[in-house]
Amino acid sequence: LQFLEKIMRLRPMPVVMVSSLMAPRSAMTDMACRLGAVECFSKSSGMQGEAVFAGLADAVVRAAVQTGKSHSGKSQDHSVVSDTIVAIGASTGGVEALGEVLGSFPEDCPPTIIVQHMPQQFSNNFARRLNAISRPDVSLVTDGCKLTRGKVLIAPGGEAHTEVSRTGRVSPYSCHLVSGPPLNGHRPSVDALFLSVAQAAGRLAIGVILTGMEADGARGLLAMRRAGARTIGQDRKTSVIYGMPKAAFECGAVEMQLPLPEIGPSILRLSEYRTQESYQ
């Protein structure tokens, strides 16, 4: 894994990991995929000779076909760029703030997922309103949906938290509705989203905390920053309520505090930077 991290940082190329530790859905496999491995091949246990590596040649061919151009150091396709994920949390005052942030996004914006505290009955109309005023496609999260470039997904209010997992190199992020008690008094919780993004995306993420009461999101944003993500907090002057951004700033989760009009453009700049940093 240490060598994989170095090779993807210094000389990116398609990599197939081969190990008896690379069992499906294992922690080692998940880490290898996050670091950039195209595929993980688990050596067959109890086999001898060539049978141990049955299917490995096919895995190598798939790797070459799927990502040969992505790691060439030339222009990058959308499947590579979409590895950078944006996660945003907001509460009181967030409806207007999100409209301004998304208003600066282009049609092919980085994959973006949002938790805005609001009752379930308002979620559909909120997503439709944002979709009407934004260039990207905005819709509600459904269980198992993919988070891809040009997509902005809104966590539905009500009976589940929204979390993100990483599933592969093409459309790598999946969204899940996870049942559970309220966290910090909220369901969905910004913390639940941010904590899952920290694990799924690590340094290939940008976390943003906007206006809102109390402290939901501070712990998750700190986890994102510790995982290598870039983090932004809305400043006091432009926040309707400087509660959530303040809590995140005071615990060290916020890398930079910005006025609301600067947040959208900064997300786009950081997204492009993260892509270049990770793959060149």
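Among residues other than residue 139 with Cβ under 11 Å from its Cβ, the summed charge is +1 (Lys and Arg +1, Asp and Glu -1).
Near residue 155, once Lys and Arg are set to +1 and Asp and Glu to -1 for all other residues with Cβ below 13 Å from its Cβ, the sum equals -4. Computed packing ranks the peptides 240-253, 214-227, 134-147, 99-112 as 214-227, 240-253, 99-112, 134-147, most packed first, by mean other Cβ atoms within 10 Å.
Positive contributions from Lys and Arg (+1) and negative ones from Asp and Glu (-1), summed over other residues with Cβ under 15 Å from the Cβ of residue 183, come out at -3. Packing order of peptides 228-234, 85-91, highest average first: 85-91, 228-234 (average count of other Cβ atoms within 10 Å over each peptide's residues).
Let's test the formula: R0 of 45 Å, r as the Cβ-Cβ distance of residue 23 and residue 179. What FRET efficiency results, to the nearest 0.05?
After rounding to 0.05, the efficiency reads 0.95.
Placing R0 at 25 angstrom, the Cβ-Cβ distance between residue 4 and residue 124 gives a FRET efficiency of 0.05 after rounding to 0.05.
Of the labelled figures (1) 1.32; (2) 1.01; (3) 1.06, only one reflects Rg/Rh (Cα atoms, Kirkwood Rh) as derived from the coordinates, namely (2).
A short reminder: the numbers here are calculations on the coordinates, not readings from a lab. Since the structure is predicted, the reported quantities are computational estimates derived from the model, not experimental observations. We place every Cβ from the backbone using ideal geometry, glycine too, and count neighbours over all the protein chains shown.
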